[in-house]
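Student: What follows is a single structure, and I will ask about it in a moment.
We did not get these values from a lab; they are worked out from the coordinates using the rules stated. All values derive from a computational prediction rather than experimental measurement. Note that we place each Cβ from the backbone using ideal geometry, even for glycine, and neighbour counts take in every protein chain shown.
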Amino acid sequence: MSPQALAQVLCRLPKFEDENLIVGLDTSDDAAVYKLNDEQAMILTLDFFTPVVDDPFSFGQIAAANALSDIYAMGGTPITALNIACFPGCLPSEILAEILKGGAEKVREAGAIIAGGHTVEDDEPKYGLSVTGLVHPQRILTNAGVRPGDLLILTKPLGIGILATAIKGDLVDKATYQKAVDIMSYLNKDAGQAMYKVGVSGCTDITGFGFLGHAREMAEASKVTLEIWTDFLPLIEESKEFAKLGIIPGGAYRNRDFLKDQVHFLKKIPQPIEDILYDPQTSGGLLIGVPESKANLLLEELKKVNQTAYAVIGRVKERTDFLLEVM
């Protein structure tokens, strides 16, 4: 679903009022947060999608990592998960078993448990998780928390949507395929723990609306402008080459169309890089806003634990005429 269509749907939903609902629909955040008591708040999220790779076990890992990411983006720790699966009756049940095994491995790696789930018959396989996590009510991270002067840090390289499109077209070699699987199935647990240890201003994870789409949500929710430094963005090299060949997912064009009046390019950006900025990500990294005084501490923590490319990629400014300024 395009960002425009989703926005039209969400604006028609009834609003629920509850003094314990700390985070709901208002800021387009990654998950809902409900206060249980003075020491604990519950984070609730769910996500599922169609296969992005052919191997069912790897698909299960990727879908689970993607769903778990919302918990880490809110500063929380996942505790339970429920499987959500749609599966065609014409396919061998062993395929579904492998998908569920892949998901279970990632949930176990996250330190959580799978407590059940639900499966329906469908024409195309789909899989994901409904995940519950915990966080202290005073330490919740949202996309509305970044402030002018903060630096922006991205914890995974961009371009995975382009790479997934190339995989579907059978255009990648085994090494590139494995790189894509490794990036998508890598949990944001390490980055989440690093930012929780240091203390940051706000966070969101980068998924289907692309880097600029989720950055735009952060800027709008925080009432600021984000300045993006494209020369410092961590990028998947193979994705740049496929972008040059026009291997671009349809979602990138929808993201571009939605953002056309909200992004100001301050310099000419090479077309492949611009395409990657709009590229819908599957199980992407965390976009973190951190006070400049703590940025080096966070980078030191990430150097110890983070297993993918990461970088300082911009800064937060007072609101200008645009939500995003790209240079």
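Student: Step through the residues of region 285-301 one at a time and calculate ³J(HN,Hα) from phi using the Karplus curve (6.51 cos²θ - 1.76 cosθ + 1.60, θ = phi - 60°), rounding each to whole Hz and writing x for Gly and Pro.
Tutor: x, 9, 9, 10, x, 9, x, 4, 5, 10, 4, 5, 4, 5, 4, 5, 5
Student: In addition: Would you pull out the residues with amide H under 5 Å of residue 208's amide H, same chain only if 5 or more places away, H placed 1.01 Å from N?
Tutor: The answer is 281.
Student: Sticking with this one: How far apart, in nm, are the 7 Å Cα→Cβ label points at residue 113 and residue 297?
Tutor: Inter-label distance under the simple model: 3.5 nm.
Student: Give the Cα extents of the chain along the principal axes, in whole Å, largest first.
Tutor: Each principal axis gives a Cα extent; for the chain these are 55, 54, 45 Å.
Student: Now, a different point. Structure shown: which of 244/294; 35/179; 106/197 lie over 31 Å apart, alpha-carbon to alpha-carbon?
Tutor: In this structure, 244/294; 35/179 lie more than 31 Å apart at Cα.
Student: Do you know the relative contact order of the chain, to the nearest whole percent, from alpha carbon pairs under 8 angstrom that are 6+ apart?
Tutor: 24 percent
Student: What percentage of all Cα-Cα pairs in region 3-139 are separated by more than 19 Å?
Tutor: Result: 54 percent of Cα pairs exceed 19 Å.
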